[in-house]
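As structure tokens, the structure follows; a few thoughts come after it.
Laboratory data are not the source of any read-out in this text; all were calculated from the coordinates shown. The model shown is predicted, which means the values in this text are computed figures rather than measured ones. As a convention, Cβ positions derive from the backbone with ideal geometry for all residues, glycine included, and neighbour counts pool all protein chains shown.
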Amino acid sequence: MSELVSDASVEAFKALAPDAHFTDVADARHMVAGDKNDVFTAAVSDFLRKHSEGIDA
């Protein structure tokens, strides 16, 4: 529902950065963290968990 990011712009960015990760958060506008905080936090936590395996902190 972002007024700034369209589906076409997401696809164009993914074409330029194929390793980028995209998560669609339903019913959130451009400020996802404010609109759907729990969903945003879960998506970030999942991303970090998947991408930090094997990294010594």
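Some values worked out for this structure:
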{"item": "Principal-axis tilt of helix 7-16 within the chain, Cα atoms, nearest 10 degrees", "result": "40"}
{"item": "Dipole in debye (nearest 20) - the chain, about Cα centre, beta carbon charges: Lys, Arg +1; Asp, Glu -1", "result": "60"}
{"item": "Nearest 10 degrees, 0 to 90: helix 37-51 Cα axis against the chain principal axis", "result": "40"}
{"item": "Size-normalised alpha-carbon gyration radius of the chain, reference 2.2 N^0.38 Å", "result": "1.30"}
